[in-house]
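Q: Quick one: the structure is below, and I'll ask about it shortly.
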Amino acid sequence: MKARDWKIVCFEEVTSTNDKAAEYAQTMCDEKLVIKAKKQTAGRGRRGRSWLSLEGNLFFSILLEYNEQNPGMLVIISALSLWQSIKFIAPSADVWLKWPNDVLLNGKKVSGILLEKAGEKHMIIGIGVNIVQSPQNEEMLYPTVSLKESGIDVSADDFLQIYLKQFDGNMNSLQKNGFEPLRRQWIANAKGIGAEIAVQQHNKQICGIFRGIDENANLLLQENTKLHKILAGDVFYKEEKK
Ligand code: BTN
């Protein structure tokens, strides 16, 4: 499966593929650009956390022209594309989406997505996929797993090609049919719809029933009769330690 039209620039070592993508954003014309690296010395995750870049895993950043897409929608589409890629490779895999940007394989985090803005015109979608190893340190909020540890054998390069094809399909669908079909697909494969969850936001935690996401990709959390629309936070399922 070959993704067409993408220019993929590969590096041996970078601080972060998002940093490189931000450099390219200053000179880029209208190409579809991906920055990929074998090693990141300062990979970063959401909310100031670091992202350990273990050998053999996949680290890449997609540079997109920013034309008013809601960044939350881009996160949902990026995560859905990851879900679809794993299902394409291993149709019977136990894989679920977790708001906003996680993909769970056998209940554990297998990837991460970090969206950043570059200037006024570009968005960077930075993605890490645990292909062969799963990073685990005290900063990690959730248990992690790799594709290989779950019996899914695919190289980082093949995964990237499959991913870009899924991502392209979803972005075309967004342009043609809007966000609604993608929102439905995300919800259909999200873990814990209708169950009790806790959402951690800085110093505040809200508990309630997970009701899906709205048309702007906000999480819908029902606390008694009140429906919260949550823009950012970390989700914990009931069985997880908070
Ligand atoms: C998270 O789950 O906290 C998001 C992790 C995102 C990691 C990827 S790896 C490629 C890109 N470069 C970075 O420095 N971060 C993202």
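Q: Report, in debye and to the nearest 20, how large the dipole of region 55-157 comes out about its Cα centre when Lys and Arg carry +1 and Asp and Glu carry -1 on their Cβ.
A: Dipole about the Cα centre, nearest 20: 240 debye.
Q: Ok, one more. If you roll a 1.4 Å probe over the heavy atoms of the protein chains, what accessible area per residue do you get for region 78-129, in Å²?
A: 31
Q: Hey, what did region 6-188 get for relative contact order, percent, Cα under 8 Å, at least 6 apart?
A: This gives 20 percent for region 6-188.
Q: Right, something else. List the aspartates and glutamates whose alpha-carbon lies under 13 Å from that of Lys117, not counting same-chain residues fewer than 8 positions away?
A: Asp19, Glu23, Glu65, Glu68
Q: Moving to a separate point now. At a threshold of 8 angstrom on Cα-Cα distance, excluding pairs fewer than six apart, so keeping six or more, what relative contact order does region 196-240 reach in percent?
A: So the answer I get is 39 percent.
Q: How about Lys148: which aspartates and glutamates have a C-alpha closer than 19 Å to its C-alpha, ignoring those fewer than 8 places off in the same chain?
A: Glu55, Asp94, Asp102, Asp157, Asp158
Q: With every protein chain kept in place and ligands, DNA and RNA left out, what is the accessible area per residue of region 131-242? Probe 1.4 Å, answer in Å².
A: 53
Q: How fast does the chain diffuse by Stokes-Einstein, in µm²/s, taking the Kirkwood radius from C-alpha pairs at 10 °C and 1.306 mPa s?
A: Answer, rounded: 87 µm²/s.
Q: Which of these, Gln40, Gln175, Gln136, has the largest mean-square fluctuation under a Gaussian network model of the chain (Cα springs below 10 Å)?
A: Fluctuation is largest for Gln175.
Q: Measure off, as a whole percent, the carbon and sulfur share of the 1.4 Å-probe accessible area of the chain, all protein chains present.
A: 48
Q: Would you look at the GNM of the chain, springs on alpha carbons closer than 10 Å, and say which of Gly212, Gly112, Gly48 moves the most?
A: Residue with maximal mean-square fluctuation among Gly212, Gly112, Gly48: Gly48.
Q: Okay, next question. For His122, what residues show an amide H to amide H distance below 5 Å, using hydrogens built from the backbone and excluding near sequence neighbours?
A: Tyr66
Q: Ignoring GluC sites (Glu not before Pro) that are buried or in helix or strand per DSSP, and keeping those with at most 16 other beta carbon atoms within 10 Å, what is the longest stretch of the chain between them?
A: Longest run free of exposed loop sites: 140-214.
Q: Further, regarding this structure: Please turn the phi angles of region 50-58 into ³J(HN,Hα) values with the Karplus equation 6.51 cos²θ - 1.76 cosθ + 1.60 (θ = phi - 60°), one per residue in order, whole Hz, x for glycine and proline.
A: 9, 10, 5, 9, 7, 4, x, 7, 9
The values are calculated or read from the model by the stated rules, or taken from the named source; none is laboratory data. This is a predicted model, so every value here is computed, not measured. We place every Cβ from the backbone using ideal geometry, glycine too, and count neighbours over all the protein chains shown. Areas reflect the complete protein model, heavy atoms only, side chains present, ligands, DNA and RNA absent. Shrake-Rupley method; radii C 1.70, N 1.55, O 1.52, S 1.80 Å.
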